[in-house]
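Just below is one structure, and these are the notes that go with it.
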Amino acid sequence: MKIFFTITLLLTFGLVFSQENELSESKILIENKKYDSAYLVLEKLDLGNQNPEIVIEKTKILLDYFVSSIMHQLFALKDLEENEELMDFRGAEGEFSMYYFPPDSILNLLIKQFPENFKLRKTLGYFYHEVFLKYGGNWLEPDSIVLNRIILNYDLAYQNGEFDYWSLYGIGYSYLKQNKVEESIPYFKKSIELNENYPSSYYNLAYAYLTINEREKAIEYAKKALELYVYIDHKSDAAKMIGVIYTELNDFQNALKYYRVADSINPNNYNVLHSLLALEVKMETNEYKNKTTQFFMFAPGNPTIYQNLEEIYWNNGKEDELMDFLESQKASFTSCFSPPESRTEL
């Protein structure tokens, strides 16, 4: 019996050692952008998807490094060269390795076998989170079900010690999408505690506070999002949100300041320019006539331009000025617009 026990221990140790080696090899391959090869290492190690740790790693590879996906059930992977980037291939045509791997079905089966393994729950929450971000409104099940599953799985994992800033952000984001604003706030705050450099946690927390009319708190977090965002669209949105909040507080000088910041960051954003022009006209700044021309030139053949201009100018008692402006543009744009007629007050 002692000999048998010793042999069993050696075999077990050997299997564990082999698995650790394979997992390490897979991670090294990922670091070198060899995503297909990394997945194959794990696939050979667990063909039947019976090992929770390996299934979790396989799921992460497919969700994080796919070049194309069909409903996040069928995935394409590719090994990249050192000078290549994943986003250059994502969604593009090409020859890739395809893998059928439905994470929801596989993870749910493992959860039944290992109900105390809450890493599986966290990974299942991550799967639904990624499904919503990529396929929101167009997946195999309605968004309402997907959002509930994000919350259910992430929160079960959280209550049992398996969480990170992204999973907590996912719970807050899902509650916000369900209009359960107050429920979202603690999760965004906890997400920020875990990662104080992730701007979307601040942005969505600001949005939550704005929704429940706690505007001072909303400004605080929106300013932090503005500071942290890198991408132009996101950074401009954060500045625009601050402008909106100051407008609601009737602090028009600060509102104007942040609308101008948003416009300077992303000068070709129609919604930003619309909000900025409305405030410029209201405040009769030195810039509002130039902004009117800029707004008009955005799309002089689009009827929405005229509707927006009419609304802005009529709301500020400047209808005659608008008519004069439109008349001045006739010579250049006769073929593409017809100005609105003057209103008759009853």
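Observations, loosely collected:
- Hz values of 3J(HN,Hα) by residue in segment 50-62 - Karplus curve (6.51, -1.76, 1.60), Gly and Pro given as x: 9, 9, x, 5, 6, 4, 4, 5, 5, 4, 5, 4, 5
- Shape category assigned to the chain from the gyration tensor of Cα positions, a/c cut at 1.5: prolate
- Of the chymotrypsin sites (Phe, Trp or Tyr not before Pro) in segment 211-247, those whose Cβ has at most 13 other Cβ within 10 Å and which sit in DSSP loop: 231
- Residues of type aspartates and glutamates that residue 112 reaches as a straight line, Cα spacing below 19 Å, ignoring anything fewer than 8 places off in the same chain: 46, 53, 57, 104, 155, 162
- With Cα atoms, 0 to 90° folded angle of helix 319-333 axis to the chain main axis: 80 degrees
- Converting phi to 3J(HN,Hα) with the Karplus coefficients 6.51, -1.76 and 1.60 and the offset θ = phi - 60°, segment 203-213 yields 4, 6, 5, 4, 4, 4, 5, 4, 5, 9, 6 Hz in sequence order, with x at every glycine or proline.
- Residue 260 sits among other residues whose Cβ lies under 13 Å from its own Cβ, and their net charge, with Lys and Arg +1 and Asp and Glu -1, is 0.
- Its relative contact order, with pairs defined as Cα atoms under 8 Å and 6+ residues apart, puts segment 132-281 at 12 percent.
- Taking the chain and dividing mean pair separation by its residue count, relative contact order in percent (alpha carbons under 8 Å, at least six apart): 7 percent
- The chain: most fluctuating residue of 227, 182, 31 per GNM, C-alpha cutoff 10 Å: 31
- In this structure, the amide hydrogen of residue 97, modeled 1.01 Å from its nitrogen in the peptide plane, lies closer than 5 angstrom to those of 77, counting only residues at least 5 positions away or on a different chain.
- Cα shape, segment 108-196, gyration tensor, a/c 1.5 rule: oblate
- The chain: most fluctuating residue of 55, 281, 146 per GNM, C-alpha cutoff 10 Å: 281
- For residue 34, residues with placed amide H under 5 Å, excluding near neighbours: 80
- Loop-resident sites, segment 249-295, for GluC sites (Glu not before Pro), counting at most 16 other Cβ within 10 Å (DSSP): 284, 287
- Tilt relative to the chain, helix 165-177 - C-alpha long axis, 0 to 90 degrees, to 10: 50 degrees
- Amide H contacts under 5 Å for residue 251, placed H, 5+ residues apart: none
- If you sort the three axes of the alpha carbon gyration tensor as a ≥ b ≥ c, you get a/c of 1.5 or more for segment 213-276 and a/b no higher than b/c, which makes it oblate.
- 27 Å Cα-Cα reach of residue 119 towards lysines, excluding residues that sit fewer than 8 places from it in its own chain: 27, 33, 34, 44, 58, 60, 78, 134, 177, 180, 189, 190
- Under the simplified labelling scheme, the residue 82-residue 97 pair shows an inter-label distance of 2.2 nm, with each label point 7 Å from Cα along Cα→Cβ.
- Per-residue Karplus couplings for segment 117-128, computed as 6.51 cos²θ - 1.76 cosθ + 1.60 with θ equal to phi - 60°, are listed in order as 8, 7, 5, 5, 4, 4, 5, 5, x, 4, 4, 5 Hz, Gly and Pro entered as x.
Just so you know, all these numbers are worked out from the coordinates, no wet-lab data involved. As the structure is a computational prediction, the values presented were derived from the model and not from experiment. With ideal geometry, Cβ positions are generated from the backbone for all residues, glycine too; neighbour counts draw on all protein chains shown.
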